[in-house]
Amino acid sequence: PSVFLNGQDDLLADMQSAAFPLGADDRTLFVVAQFESAGWGGVSFGALGCLQAFGLGVTAEKGNLFVESYCTVDLDESNVVANGLGFAVFAVRVEGAMSTLFANGNLLQTISHVYATLPGSIVVGADHSLSNHVKMQVAEIAMFNSSLSDREREAEENLLYAKYFGQDNGGSNGNGQGTDNVNNPIPPLPESVSGTGLSLHLDAAHAVQHVNGHVLAWGDQSTARNHLDVAFGQPSLVSQAVKGHPAIAFDGKDDALGALAFSGLPLGAAPRTVLMVVKYESPGWGGLTWGIPDCMTAFGLGVTSGVGNLFVETFCTADTEESGVHGASQGWLVHSVTYNPPLVSQYLNGRLIDTVEAPLNTQPGELLLGLEISHGDYVAMQVAKVLVYNRAMNDQERRAVELYLEDAYLEAPVTP
């Protein structure tokens, strides 16, 4: 069952709500609902002032999902239109100054706010001033006065999804939304390296926002939150790409994902380690890159133009970081690199294929996947997982992670 609100004059309210998170306290809000019109409105609580209210709903004109802060210029609006999604499990998590919006477990948006929520009313079906209404159906609302971890949030989402839709949240809800189910669960990263210096963690089984398989964004699972929220072309989600696990496919023509800025990724000549589970399907230039388009100011992994050899991106004309190993015909592989200044060491499935000295000077800029840092070339490829650490792993650590990735993703044992 659900409660229907007509979008004209229906609303539910308690003018003296209590026991909700106040000020800048951490919180997690879940709403099982179907939005059927634009707003402003949804579920909110607090007072009538900028950052003094908090909630989840849809905007007035476009009906986009947004996080309520009751500010005039509401920067908390996502680019996802709620009308047409059908019933879904929506969630907002606030941790410190960061607010993260989810739909059916898919990351939609991360924004920065320091809330100052005040005691006040709780309103359902209208904006917090009661002046605008939204047509919607609501089945359940749950508020936690803490910021749930990803594992805790996903567990709650799965409970709600199973309760109302009769299946785990791993599958699509019938409207083309959601991350495809993973038949072979992947164990967590080795504890010794799982979080130490991890500044980018992309996993095609998690935090992929898509509509009918067309990927709009790919959320970073690391604490750096380097979400790829800019889509070029139509990258696609392949549900059973490698050993039963999903991957994101790029067509080599105009598909790419990126972020206009990043944080926590290694800059200058700082040590680093990059590992990628990838299937290159054409020459490049392209792969994973961050920085700006100038010699030694960009860094990443990919394949070269023309030949399609595995290489480490530095955006230099005579790229000495090119290996003699063809990448576009290898099938699925684990491609990795460590930079322990001044040495760049490149590996294929744990086997050293190239070592060279390089005076890196990586600069702040864009983070791109499937597109060269100058936006000049694309590469056809499928990517299942990306890990970037802001430190140079020793051989034992690096090999432990490579073995974990090879065991999880590659069809046959690899002997480096």
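In this structure the amide hydrogen of Glu281, modeled in the peptide plane, comes within under 5 Å of the amide hydrogens of Ala380, Met381, Gln382, none closer than 5 places in sequence on its chain. A DSSP coil position with no more than 11 other Cβ atoms inside 10 Å describes the following GluC sites (Glu not before Pro) in segment 36-114: Glu61. Here the scattering of segment 219-357 is modelled by Debye summation over its C-alpha atoms, one equal scatterer each and no solvent; at q = 0.14, 0.17, 0.22 Å⁻¹ the log10 of I(q)/I(0) is -0.67, -1.02, -1.67.
GNM on the chain, alpha-carbon springs under 10 angstrom: the most fluctuating residue among Asp255, Asp14, Asp26 is Asp14.
Residues in segment 334-340 carry Karplus couplings, in order, of 9, 9, 9, 8, 10, 10, 10 Hz; the curve used is 6.51 cos²θ - 1.76 cosθ + 1.60 with θ = phi - 60°, and Gly or Pro positions show x.
With respect to the chain, whose longest principal axis is taken over its alpha-carbon atoms, helix 150-165 is tilted by about 60°. 3J(HN,Hα) along segment 350-363, derived from phi through the Karplus expression 6.51 cos²θ - 1.76 cosθ + 1.60 where θ = phi - 60°, amounts to x, 9, 5, 10, 6, 9, 8, 7, 8, x, 4, 9, 4, 10 Hz, with x in place of Gly and Pro. Assuming charge only on the beta carbon of Lys and Arg (+1) and of Asp and Glu (-1), the dipole of the chain about its Cα centre is about 360 debye to the nearest 20. Within straight-line reach of Lys62, meaning a Cα separation under 25 Å, sit the following lysines at least 8 residues removed in sequence or on another chain: Lys135. Subtracting the Cα-Cα distance of Val3 and Ala142 from their residue separation scaled by 0.36 nm leaves 48.5 nm.
Once a ≥ b ≥ c are taken as the square roots of the eigenvalues of the Cα gyration tensor of segment 79-153, is the result rounded (a/c under 1.5), prolate (a/b larger than b/c) or oblate (a/b not larger than b/c)? Oblate, since a/c reaches 1.5 and b/c is not below a/b. Computed from the Cβ-Cβ distance with R0 of 60 Å, the FRET efficiency linking Asn132 to Ala400 stands at 0.65.
For segment 22-123, with every protein chain kept in place, what is the accessible area per residue (1.4 Å probe, Å²)?
32
The share of accessible area on segment 1-83 that comes from carbon and sulfur is 53 percent, using a 1.4 angstrom probe.
Quote to one decimal, in nm, the extra length available between Lys253 and Val307 on full extension: 0.36 nm per residue of separation minus the C-alpha distance between them. Display every interim value, and only then the final one.
Working: separation 54, 0.36 × 54 = 19.44 nm, distance 1.72 nm.
Between Lys253 and Val307, full extension yields 17.7 nm more.
Here Lys385 is the anchor, and the lysines within straight C-alpha reach of less than 21 Å, apart from those fewer than 8 places off in the same chain, are Lys243, Lys279. Here the chain yields Rg over Rh of 1.02, to two decimals, using C-alpha coordinates and the Kirkwood radius. For Phe262, the residues 5 or more places off, or on other chains, whose built amide H falls under 5 Å of its own are Gly365. Heavy-atom accessible surface of Ile122, to the nearest 10 Å², is about 40 Å², with a 1.4 Å probe and all protein chains retained. Here's the picture: charge each Lys and Arg Cβ at +1 and each Asp and Glu Cβ at -1 in segment 1-92, and of Phe20, Phe45, Phe90 the one pushed furthest to the positive end of that dipole is Phe90. Springs between Cα atoms under 10 Å define the GNM used for the chain, and in it the highest mean-square fluctuation of Ala358, Ala38, Ala205 occurs at Ala358. Using the 1.4 Å probe convention, the accessible area of segment 190-314 works out to 31 Å² per residue with neighbouring protein chains retained.
To make sure I understand the rule: partners must be aspartates and glutamates, Cα under 16 Å from the Cα of Lys163, and not fewer than 8 residues away in the same chain. Which ones qualify? Counting by Cα, and skipping residues close in sequence, Lys163 has these aspartates and glutamates nearby: Glu140, Glu154.
Simple spin-label estimate for Leu343 and Cys295 gives 2.5 nm between the two label positions (7 Å along the Cα-to-Cβ direction from each Cα). Multiplying the residue separation of Cys316 and Ala155 by 0.36 nm and removing their Cα-Cα distance gives an extension gain of 53.3 nm. Residue-wise HN-Hα couplings along segment 278-287, as the Karplus relation 6.51 cos²θ - 1.76 cosθ + 1.60 with θ = phi - 60° gives them from phi, are 8, 10, 7, 10, 7, x, x, 5, x, x Hz; Gly and Pro carry x.
Calculated FRET efficiency, Ser329 to Leu260, Cβ-Cβ distance, R0 = 51 Å: about 0.95 to the nearest 0.05.
The values are calculated or read from the model by the stated rules, or taken from the named source; none is laboratory data. None of the values given here were measured: they were computed from a predicted structure. Cβ sites come from the backbone with ideal geometry, for glycine too, and all protein chains shown count toward neighbours. To get the accessible areas, we keep the full protein, side chains included, count just its heavy atoms, and leave off ligands, DNA and RNA. Shrake-Rupley method; radii C 1.70, N 1.55, O 1.52, S 1.80 Å.
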